[in-house]
Structure formats: C-alpha cells, structure tokens
Amino acid sequence: MDTMAAIKQTFFQECEEQLAELEDGLLTIEREEGDLETINAVFRAVHSIKGGAGAFGLDDLVRFAHTFETTLDGMRSGKIEISPQIVRLMLRSADILADLVRVSRDGGSVDEVRVAQMTDELNKACGISAGPAEPVSAEPAPAPAAGDPDEFGFVVTPVSFDFADETPAEPQTDEFGFAPVAIDFDAILAEDAERIEGFEIRFRPKPELYAKANDALRLLRELGRMGEMSVTCDHSDLPLIDAIDPEGAYFSWTIQIRTECPEAEIREIFEFVELDCDLEIRPMLAGLITAADDADQVVQEVLAQVEAAVDPVAEAPVQPVPDLAPAPVSLTRAQPAEEVPAAAPVMQAPTNAPAAASTPAPSATIRVDLDRVDRLIDLVGELVINQSMLAQRVMEAGIARLSDVAVGLDDLEHLTREIQDSVMAIRAQPVRPIFQRMSRVVREVADMTGKSVRLITEGENCEVDKTVIERLADPLTHMIRNAIDHGIEKPEERLAKGKPEQGVVRMVAAHRSGRVVIEVSDDGSGINRARVREIAVRKNIIAEDAQLTDAEIDDLIFAPGFSTASTVSDVSGRGVGMDVVRRSIQALGGRITISSRPGQGTTFTLSLPLTLAVLDGMVVTVADQTLVVPLSTIVETLQPKESDVHSLGEKSRVIAIRGSFTPLIDVGAVLGYRETEADPMQSVAVMVETENQSQCALMVDGIIGQQQVVIKSLETNYGHVFGVAAATILGDGRVAVILDVDSIVAGSRTETARIDTNRKRSAA
C-alpha cells in the first residue's frame with residue numbers, strides 16, 4: 001500500500017468516527033438534551049469530513065457536505081430554529097452523507113435524485129430561516145452611487161478596467177504607502193524547482209543503526225556517487241575515552257551535494273535506516289540562503305527593522321506616513337503575557353465550564369488492524385491450552401502442590417489469566433454504536449406504521465466483545481421492528497387506554513454474572529396469547545388439544561413461519577424474524593427469554609457471553625466422556641440423598657432442595673451416552689439456571705474441576721450436534737464438548753412430554 005492509499009484509508013476510518021459523532025449529536029438534540037456545544041460538535045464532524053474529502057478530490061461528497069455544513073451553521077448561529085422537523089432533516093442528511101462516504105470508499109453510485117432532493121431541502125431550510133422572501137422586481141435594483149454605502153454598509157468605490165490598454169495602471173497604495181502585490185505561488189514553485197542545484201542533508205545516526213550492522217560511511221559513499229559533495233562531521237558530542245559507550249553513536253554529518261537527482265533518490269539511500277537516524281533533507285536554491293543559522297540571523301534583522309518602524313518609543317527614525325486614512329490607526333507592540341493586566345479578561349468563559357487547568361489530557365490511542373488483534377487472541381488461546389497441558393503433566397507426575405514447580409505453575413496460571421483478560425479488553429467495545437443504530441430503526445419503523453415512538457437507552461457504555469456486537473445488529477433490528485409493529489399501539493388506541501400518546505421502547509445493557517444482558521422492552525399491549533395459540537394451531541405448529549403454559553405460548557412466536565400480522569407489509573407479516581433472532585442469539589452462545597403482561601408491554605431479555613474466545617467451565621465426566629459445563633450457568637453442586645430423590649411418572653425424577661422440588665436430568669441418557677439411567681445416589685447433581693430463569697439439576701458421574709477453556713466452534717468445523725454448544729481442547733490433548741444447558745433441559749422436557757402423551761393414549 002502506497003503512502004497516499006494509506007492516508008486515504010485513515011481518512012475513511014476517521015469518517016466513520018465523525019459520522020458516529022454526528023448521529024450521536026443529532027440524536028442528543030432530538031431528545032432535547034443538547035446544547036450549543038453539541039451543535040458545534042455536529043458542525044465540526046461535517047466540516048472535518050468536508051475538509052478531508054476536498055484533499056482527495058471527492059467533489060460530490062464535498063458539495064453535499066458544504067450544503068449540510070451551511071445549514072448546521074445556521075442552527076448554531078441561531079438563524080435556524082431547532083425544531084423536530086429540522087432535526088429529522090438533519091438525520092436524513094446524515095444518512096445521505098454516510099452513503100456518499102461509503103461510495104467514495106467502496107465505489108458504486110448513490111441515488112442522485114435523492115441527493116439533489118435533500119440538497120434542495122437543506123437550501124430551502126436555510127432560505128425559510130432567513131425570513132420571508134422579498135418580492136422579485138422585474139427591474140434590477142439601482143446600484144449605489146459612488147461614496148454611498150451599500151446594503152452591507154460598505155462605501156462603494158467604482159473601478160474601471162480598460163483591457164485594450166496594455167500599459168499597466170499605476171498600483172493603488174494604502175494609507176501607509178504600500179501597494180498590493182499579486183503572488184503566483186505556482187509560478188514561484190516552478191521557478192524554485194528549476195533553481196534547485198542540490199540538497200543539504202543533516203544525518204545523525206542512532207545506536208540502533210550500528211546495532212543492525214549498518215555503516216554510516218557506506219551511506220556517504222553512495223551519496224558521493226550522485227554528484228559533487230561536501231561533508232562536515234560534527235564530533236562535539238564525543239565524550240572522554242573513559243566515558244565512551246562502545247555501542248553508542250556520537251558523530252553526525254552535514255552534507256551539501258550538488259546533483260540533478262530528485263529528492264526521492266536521495267531518500268532511497270537512507271530507506272533502510274530512516275527509522276534509526278535523524279534525517280533532514282533541504283533543497284539548495286541557487287542564489288538563496290541554505291544555512292539555517294544564516295537564515296535565522298536575517299529573520300532577526302528584518303524583525304528588528306519592523307519593530308523599530310512601529311515602536312513609538314524606539315530611537316530609530318520613523319518615516320512620515322501620508323494622512324490618507326479617514327481615521328487614525330494605532331499600532332501597539334504586543335506585550336509579554338506577564339504584562340497583561342489581570343483585570344482585563346481576554347475571553348469570557350461560561351460559568352459552568354471547567355477551568356482549563358483541570359481539563360484532563362486526552363488519552364493516547366493507536367490504530368491497529370483487527371487481523372492483528374485476532375491473531376493475538378488466537379495466540380492467547382493457545383497459551384491457555386498449553387498452560388492446561390502443563391498443569392495436567394504436573395498432576396500426572398505426582399508433584400506435591402507445595403513444591404517449587406507447583407507454585408510456579410500457579411503463578412503461570414494467574415499470569416495467563418491476566419494476559420487473557422487484558423487481550424480480551426482490547427477487543428471489548430461499548431454497545432453505544434449499535435444502540436445508536438437502533439435509533440434510526442425506531443424512527444423509520446415509526447414513520448412507516450404511523451406511530452409515535454421514543455427510544456430510551458441505558459448502559460450504553462457496557463462493553464462486550466467486538467464480534468458479539470457485530471452479530472447483534474440483525475437480532476436487535478428484528479426485535480425493535482417487532483416491538484413497534486406488534487407491541488406499540490396506534491396513538492388513538494393509547495389515548496383510549498389512558499396511556500401517553502407516544503409509546504416507549506427501552507434498551508438496557510448491563511453485566512451480570514460474567515455475561516452481558518440486553519433487555520428490549522415496550523409499553524405496548526403485550527402478547528395476545530389467545531391469538532398466538534389460535535395462529536399456532538392453524539399453522540400446525542402445535543396440536544389443537546396441546547396443554548401449554550403462558551411461557552410456552554409466548555415461546556411460540558419464535559417458531560419459523562409464525563406471524564400475527566394479518567397482512568404482509570414492508571415491516572412484517574412474512575413469518576421471518578423472531579426465529580432468526582433466536583438462532584442468531586444461540587449461535588453467539590446466548591439465550592433469549594420473553595416476559596409479557598397483557599396491556600402493559602413485553603420484555604425480551606438477551607443473555608450473551610462477554611467473549612466468544614474463552615470461558616470458565618466445570619469439567620465433568622459422564623459415561624466415560626469428559627464434558628464442560630459453562631460456569632456461568634452453574635448455581636451449586638451437591639450429592640443427592642436417597643430421601644431427596646422422588647420419581648414423577650415413568651422416567652421423570654425430581655430432587656428436593658431446601659423445600660422445593662427441582663427436575664433431575666440424566667445428561668448421559670439425554671445425550672445418548674447410555675441407554676439406562678444412572679443411579680442418582682452414585683452421581684453428582686449440578687444445579688444450573690436456564691434461559692427462563694428456572695433451575696434444573698444435571699446428573700453427572702463426577703467432577704474433575706474448574707478450568708478455563710478455549711472455545712472452538714463445532715458447528716463451523718463439523719456440524720450442529722444436539723446438546724452441544726461448542727468444543728474445546730483439554731490439557732491432555734483430548735477434545736471435549738461444551739454443553740448447551742438450555743437445549744439439554746428443553747430436550748429432556750420434550751422427551752418427558754412425549755412419553756406422557758404416549759402413556760395417556762395407550763391408557764385410552
């Protein structure tokens with residue numbers, strides 16, 4: 001990648017940041033929480049995009065950004081009144097700006113008609129804000145006479161040009177007797193390029209240059225082949241012989257070379273050592289000063305002359321100035337900062353603004369390719385696996401836990417955990433960007449359905465793995481659309497029910513028990529369970545005589561092809577949406593639950609892992625198989641007693657724990673590891689919490705211990721397996737599966753229901 005392409009790539013990366021800041025600021029203004037600084041931040045974002053686009057010749061982007069910027073400038077100056085209509089216009093303009101940035105980066109085209117319409121709307125907004133238009137006269141307004149002020153208060157001085165006369169007119173002078181001079185920089189640069197007779201090079205090696213076996217003398221020889229060269233060595237930094245560092249670098253050189261070679265060829269000589277030296281290359285122009293010291297001396301002399309000319313107390317004679325100006329002009333030499341009177345404020349700061357001295361310095365950041373971070377995470381995963389293998393070898397060798405080897409191994413485990421946490425923190429990002437994206441979805445769907453909806457977000461700074469955030473966009477979009485289309489009522493219906501006309505969709509993110517929980521709720525009508533059941537029967541999703549709880553009826557909306565919409569619209573009605581949501585969340589290792597209250601609203605709760613790379617698990621054995629149960633789902637472990645285990649039907653069993661009965665599930669039987677159920681008295685019960693917050697006890701043969709494992713996708717590398725969420729590599733090199741607790745519990749309940757149904761039919 002050449003330098004220009006790299007700079008352009010950086011520009012587009014910064015555009016993404018500016019667009020995010022732009023939308024965030026506009027949404028803040030829409031919520032009536034913004035102030036003048038928010039508007040200024042929005043203006044700066046568009047202005048920065050426009051400036052960078054101009055540098056790369058992106059004319060379409062520059063033109064629209066300029067129109068957008070003009071409207072924003074009217075907002076911040078108070079010429080345009082901030083209203084909901086104006087804010088919506090700004091948000092739609094931000095979408096157009098984002099499209100233009102995308103096309104400029106990736107190629108393609110945008111809807112030019114849409115861009116032109118938006119440009120007209122922005123211009124119209126500026127025109128309306130400026131006040132009523134003056135009637136247009138068929139005759140042009142008379143020009144002001146010479147000496148009369150125009151509409152802006154400027155005195156008009158007519159100037160005539162005679163292009164036929166090739167004799168240049170006498171230049172007009174100002175009140176000081178100076179005449180304006182036109183400067184053609186292109187001509188000067190072209191002239192300077194022709195006058196370059198060589199280069200002055202200042203070359204100071206660093207110790208790293210010599211440590212890499214490079215030779216400064218060889219570089220000078222290469223330079224000498226390009227033309228006549230004069231070299232001066234500066235050895236003033238050379239210490240006494242007893243203080244010399246054999247690996248130090250004390251010499252520097254100033255080289256003047258007369259050559260016709262371009263500067264690029266000069267730099268090629270230093271290409272491999274440029275980072276290991278201080279290098280400065282200046283062109284030498286024929287007849288001009290090249291030495292920096294001489295140039296500084298000349299500048300100081302010129303400044304002294306200027307100061308003497310404008311300083312009224314200087315002893316140098318001052319030339320008389322013709323009295324040409326209508327008003328006297330006073331020139332005062334700037335005083336040092338300490339001489340400025342303390343009582344003369346230079347700028348009045350807002351009363352609520354923090355003191356400048358207390359403003360914290362911005363934290364330093366760097367840009368790193370995501371591939372490098374992914375590679376680092378993979379290496380940390382391998383480190384975790386190798387650490388587990390080492391621990392396994394030490395345990396098999398029978399080394400005492402208090403030995404130096406075991407203590408060192410514990411330290412290594414803690415260090416590995418700390419490295420893993422630090423690396424995962426690099427990929428962690430707040431959910432703010434995706435929450436901001438949902439604001440646009442709410443606005444668009446509300447307009448399409450004719451409803452008034454407001455989005456409230458909480459916990460936007462909650463951090464989660466970048467991969468999780470990227471794959472959350474589609475599920476959250478479906479949930480928001482579902483909440484507005486099926487949950488929120490029409491304004492007239494809400495008013496009839498005594499609710500506010502404007503509905504509310506709330507998104508909340510928080511960390512709980514090592515996972516991130518996102519709740520999407522609305523204050524609509526809730527789930528109509530009778531209608532849901534009726535549609536499920538009609539679509540043959542359930543049997544007509546099926547006995548379902550409220551939670552099971554609510555769960556039907558996740559069935560493929562299910563929809564309560566009576567007609568197909570642009571928003572919903574095709575039965576594709578909520579089933580996609582569940583599959584997407586499960587693919588992330590998460591779970592989703594529903595809580596609905598008729599007439600009051602519905603809440604969808606997403607529970608997701610903080611990262612898709614590593615998890616803490618409990619390693620257990622079942623029928624000679626080693627399995628991993630996610631530690632985040634485990635509540636407690638216990639040894640069942642015979643008096644606590646009770647049969648319920650033919651195969652169902654429950655265990656009594658502190659006065660309540662909990663289903664007891666044999667993992668080996670559910671996964672097909674054994675045909676007959678194990679004896680609970682010879683097993684260990686692992687209490688787990690499912691996605692609907694209910695508890696079950698998983699029956700395993702034994703517990704090996706707690707271990708941090710690296711997640712390997714089984715579905716990607718092999719295929720989907722019931723009851724298995726992923727796989728991992730244990731310390732002894734064996735592959736172990738990570739249990740999908742929710743699917744095991746759901747599968748066990750389905751099997752129990754099937755057995756009970758068959759028994760009832762046989763009895764009938």
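Report yes if some residue within the range 246-260 is out of contact with any strand residue (DSSP E or B) (no Cβ under 8 Å at 6 or more places or on another chain) and of a type in the set (Ser, Thr, Tyr); otherwise report no. Within the range 246-260, one or more residues are out of contact with any strand residue (DSSP E or B) (no Cβ under 8 Å at 6 or more places or on another chain) and of a type in the set (Ser, Thr, Tyr). Look at ASP447 and say whether it is of a type outside the set (Val, Ile, Thr) and modelled with pLDDT of 80 or more. The answer is yes for ASP447. Do we find that ARG481 is more than 12 Å from the chain's Cα centre (by Cα) and within 30 Å of VAL384 (Cβ to Cβ) in this structure? Against the criterion (more than 12 Å from the chain's Cα centre (by Cα) and within 30 Å of VAL384 (Cβ to Cβ)), ARG481 does not qualify.
For every residue, the table says whether it meets (1) out of contact with any Gly (no Cβ under 7 Å at 6 or more places or on another chain); (2) acidic (Asp, Glu); (3) in a loop (DSSP other than H, G, I, E, B).
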| position | (1), (2), (3) |
| --- | --- |
| LEU219 | yes, no, no |
| GLU222 | yes, yes, no |
| MET229 | yes, no, no |
| THR232 | yes, no, no |
| ASP237 | yes, yes, yes |
| ASP242 | yes, yes, no |
| GLY248 | yes, no, yes |
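Give me the residue from the range 254-280 that is part of a strand (DSSP E or B) and touching a Pro at 6+ places or on another chain (Cβ under 9 Å) and, out of that set, surrounded by the most Cβ atoms within 10 Å (Cβ to Cβ). Among those residues, the one meeting the criterion is CYS277.
Only one of the numbered conditions (1) surrounded by fewer than 17 Cβ atoms within 10 Å (Cβ to Cβ); (2) in a loop (DSSP other than H, G, I, E, B) is violated by GLY524, and that is (1).
What helices (runs of 4 or more DSSP H), lying completely within the range 381-478, carry at least 1 residues that are within 18 Å of ALA20 (Cα to Cα) and charged (D, E, K, R)?
The qualifying helices (runs of 4 or more DSSP H) are 432-449, 466-470.
So, LEU671, is that one over 44 Å from the mean Cα position of the chain (by Cα) and modelled with pLDDT of 85 or more or not? No: the conditions fail for LEU671. When the range 30-81 is filtered for residues that are part of a loop (DSSP other than H, G, I, E, B) and basic (Lys, Arg), the ones remaining, listed by number, are ARG31, LYS79. Every condition in (1) touching a residue at least 60 places away in the same chain (Cβ under 8 Å); (2) outside any strand (DSSP E or B) is met by ARG582 except one, and the failing one is (1). Annotation: of all residues in the range 444-461 being touching a strand residue (DSSP E or B) at 6+ places or on another chain (Cβ under 8 Å) and surrounded by fewer than 20 Cβ atoms within 10 Å (Cβ to Cβ), the one that is farthest from LYS490 (Cα to Cα) is ASN461.
Contact map, the range 668-690: residues that are buried (at least 20 other Cβ atoms within 10 Å of the Cβ) paired with residues that are aromatic (Phe, Trp, Tyr), Cβ distance under 8 Å, separation 6+ or inter-chain. Pairs shown: LEU671/PHE722.
The set of residues in the range 484-506 being assigned to a helix (DSSP H, G or I) and within 34 Å of the chain's Cα centre (by Cα) consists of ILE484, ASP485, HIS486, GLY487.
A quick yes/no check of all residues on (1) modelled with pLDDT of 90 or more; (2) of a type in the set (Lys, Arg):
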position: ARG218; (1), (2): no, yes
position: MET226; (1), (2): no, no
position: THR232; (1), (2): yes, no
position: PRO239; (1), (2): no, no
position: ILE257; (1), (2): yes, no
position: ARG282; (1), (2): no, yes
position: ALA291; (1), (2): no, no
position: GLU301; (1), (2): no, no
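The set of residues in the range 559-585 that are surrounded by fewer than 16 Cβ atoms within 10 Å (Cβ to Cβ), among the hydrophobic types (A, V, I, L, M, F, W, C) and at pLDDT 75 or above contains only VAL580. The numbered conditions (1) at negative phi; (2) surrounded by fewer than 17 Cβ atoms within 10 Å (Cβ to Cβ); (3) not polar (S, T, N, Q) are all true for LEU220 except (2). The number of residues in the range 586-638 being surrounded by fewer than 18 Cβ atoms within 10 Å (Cβ to Cβ) and either among the charged types (D, E, K, R) or more than 26 Å from GLU519 (Cβ to Cβ) (or both) comes to 10.
Do you know which of the residues in the range 705-736 that are of a type in the set (Gly, Ala, Ser) and in a strand (DSSP E or B) is farthest from ALA669 (Cα to Cα)?
Only one residue tops the list, namely GLY705.
Could you grab me the full set of residues in the range 696-735 that are under 16 Å from ALA613 (Cα atoms), of a type in the set (Gly, Ala, Ser) and surrounded by 18 or more Cβ atoms within 10 Å (Cβ to Cβ)? Hits for the range 696-735 are ALA725, ALA726, ALA727.
The values are calculated or read from the model by the stated rules, or taken from the named source; none is laboratory data. Since we're looking at a predicted model, the values are computed, not measured. For neighbour counting, all protein chains shown are included, and Cβ atoms are generated from backbone atoms with ideal geometry for every residue, glycine included.
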